[in-house]
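Nothing in this text is a laboratory measurement; each read-out follows from the coordinates by a stated rule. Remember, predicted model here, so these are calculated numbers, not experimental data. Reconstructed Cβ throughout: ideal geometry from the backbone, glycine too, with neighbour counts over all protein chains shown.
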Amino acid sequence: MSLLNNPGKKVQNIVNKIGKGKATESDITNFSEILEKEPSLLPGIVVPLLSILQEFNTKSFKTAIMAVNIAADKDIGIISDSTDVFTCCLQKSLKPVELRNVLEIIFKIYETHPGKMNISAVPVLLVCLRNMNAAVREKAYFPLISIALAHPEFFKGYSKELKLALNGLNVDERIYACKIIQSIADEYPKIVEDTYELLLYLEKNHPSRELRVEAEYAMSKFKIKDLKPPEARKNVTAQENNKTATESGVRLPGKSEDGLEIPEFAGVFETCKKETQNVPGHEYIIQRKENINISDQIEKIVPGTDIGAPVLEAVFNIAVEISREGREGKTVGTSFIIGFSNDVLAKSRQLIHNPVEGIPAIERIITYPGFNNTIKELAQLDGAFVVSGNGMLVAACRFLIADASNVNIPKGLGTRHFSVAAMTTATKAIGLVVSESGGRITIFKDGKIVSSFS
């Protein structure tokens, strides 16, 4: 009876259960209710809870961090001197729900006690900004932007991590990185000036309008007179038929009217009229790759598959690079089969030994820094790329052998398109083809063309 009538003993009993990894959701609910009525108990329970976090037992961590988050809601000041504990937690292998709790606590501390936040939090928060979980990325962004506003100097030496976020798999993390760079550049542009070229590339080429706007705004913060952004390809003399780029639709380097050299990546593809195709069974629009909000289209393509929308968008962006750049001065054609990789592997075979087999799994994620260059090199080889729904490059140089007897595609498309269409008929995968002649990108689903970009 004494336990039932003694709130202090009740809450201590719950803390003991947390430490042993035996606390239930009901225990955590009771813990919150007791502290609501008896906030004076907080000082006696915070220390043992922080000790549990530092010991990092996977069985007890989830309930321990939930309990500390509840305590933080009651009195954040009582844990405000423990930022190092939470920073260390972020370096552990945590589940998304655990990460979110830790990030919430860090933000609460910074919001109410900004002087308690130290520079050691920046690198681990930047890692969380690139997490595959959208809620984790968002919760990492809030303390990062707060730090960038109050202490932009904390980001000195971390521009590389910001560039990784700018190159990230998810559009939101790229936008977050742009906003953080904007805040830093307001006072210390030199800290992040090496992000300028990447921002410029995104502003000129990325399909997301929101990202292009944020990248442009971030660039405007740099007071760099000798880094004038290349002009869009208006009135650029193309080296073909004496036509302007907007007339010919080509993607050649050239000069603007005032004689400035226009780099290859500036205004890569002009926005032209959409060309509608009405082929039996295939209703799609051929669109220009520039100024297309691919995100909206992808959201309509991925339902019914195991593919994350950011994964398909990342593959599309790599395809645009292959289409635009080619390799060693030559045009390159290739294909990607995305999603349901086990089914795809069962209906294909290696033309040569799988060239990515020896690469560690984490380095085969399509947004791994620099891996897009590996993909572009491999695109010169025969065969298709197989990408899992979560973004891992499973194989390259695959010969697709799915049954093509019921495939019907528009005239003028080659064997690569035919085999990809067949694979998307035989499996639930999505297919993407880069044409060697012309660089057109075609997306297939269920054997049909759903999008085409010229």
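Kindly provide the Kirkwood hydrodynamic radius of the range 2-220 in Å, to one decimal, from all pairs of distinct alpha carbon atoms. Show your work: numbers first, answer last.
Values: mean 1/r = 0.0539 Å⁻¹.
Radius from the Kirkwood sum: 18.5 Å.
So if each residue of separation counts as 0.36 nm, and I subtract the Cα-Cα distance between LEU351 and ASP403, what length gain in nm does that give? Numbers along the way, then the final one.
Values: separation 52, 0.36 × 52 = 18.72 nm, distance 1.79 nm.
Stretched out fully, the LEU351 to ASP403 stretch lengthens by 16.9 nm.
Take each of the peptides 152-162, 181-191, average the number of other beta-carbon atoms within 10 Å over its residues, and list them starting from the highest. Provide the component values of the computation, followed by the final result.
Working: 152-162: 17.5, 181-191: 19.7.
Answer by packing, highest mean first, reads 181-191, 152-162.
For the range 174-225, give the magnitude of the charge dipole about the Cα centre (Cβ charges: +1 Lys/Arg, -1 Asp/Glu; no others), in debye to the nearest 20. Let's see the in-between values first.
Numbers: 9 positive and 9 negative charges, 22 e Å.
Once rounded to the nearest 20, the dipole reads 100 debye.
With θ set to phi - 60°, apply the Karplus curve 6.51 cos²θ - 1.76 cosθ + 1.60 along the range 90-96 and write out the HN-Hα couplings as whole Hz, x wherever there is a Gly or Pro.
In residue order, the calculated couplings are 5, 8, 8, 7, 10, 7, x Hz.
Quick one: go through the range 160-196 and flag any residue whose amide nitrogen is under 15 Å from the point 7 Å out along the Cα-to-Cβ line of LYS300.
Under 15 Å, as judged by backbone N against the label point of LYS300, lies no residue of the range 160-196.
How much length is gained on full extension from SER93 to TYR188, taking 0.36 nm per residue of separation minus their Cα-Cα distance? If you can, show how the numbers build up before the last one.
On the way: separation 95, 0.36 × 95 = 34.20 nm, distance 3.31 nm.
Length gained, SER93 through TYR188: 30.9 nm.
Under 14 Å from the 7 Å Cα→Cβ point of THR58, by amide nitrogen: which residues of the range 114-148?
No residues fall inside that zone.
Report the FRET efficiency, 1/(1 + (r/R0)^6), for ALA134 and ASN6, where r is their Cβ-Cβ distance and R0 is 56 Å, rounded to 0.05. Don't skip to the answer; put the middle values down first.
Details: r = 43 Å, r/R0 = 0.77.
Efficiency, rounded to the nearest 0.05: 0.85.
Place a +1 charge on the Cβ of each Lys and Arg in the range 42-134 and a -1 charge on the Cβ of each Asp and Glu, then give the dipole magnitude about the Cα centre in debye, rounded to the nearest 20. Please report the intermediate quantities before stating the final value.
Details: 9 positive and 8 negative charges, 66 e Å.
Using Cβ point charges on Lys, Arg, Asp and Glu, the range 42-134 gives about 320 debye.
Once you keep just the Cα pairs under 8 angstrom separated by 6 or more residues, what percentage relative contact order results for the range 135-204?
34
Would you mind getting the Kirkwood hydrodynamic radius of the range 341-454 from its Cα pairs, rounded to one decimal in Å? Could the numbers behind the result be given before it?
Values: mean 1/r = 0.0688 Å⁻¹.
Here the Kirkwood hydrodynamic radius works out to 14.5 Å.
Among VAL320, ILE401, GLY308, flag the residue with its Cα farthest along the positive direction of the charge dipole of the range 275-453, charges on Cβ as +1 for Lys/Arg and -1 for Asp/Glu.
Ranked along the dipole, the leading option is ILE401.
Please name whichever of GLN182, ALA218, ASN30 sits farthest to the positive end of the charge dipole of the range 2-220, dipole taken about the Cα centre and charges placed at Cβ: Lys and Arg +1, Asp and Glu -1.
Going by the charge dipole, the pick is ASN30.
Work out the length of the dipole vector of the range 2-220 about its Cα centre, built from +1 on the beta-carbon of each Lys and Arg and -1 on the beta-carbon of each Asp and Glu, and round it to the nearest 20 debye.
Dipole about the Cα centre, nearest 20: 780 debye.
Enumerate the amide H contacts of ILE401 below 5 Å, restricted to partners 5 or more residues apart or on another chain; note that Pro and chain-start residues carry no placed amide H.
It is SER348, ARG349, by chain and number.
Pop the C-beta distance of ILE362 and SER120 into the FRET formula with R0 = 25 Å and round what comes out to the nearest 0.05. Working shown, then result.
Details: r = 24 Å, r/R0 = 0.96.
After rounding to 0.05, the efficiency reads 0.55.
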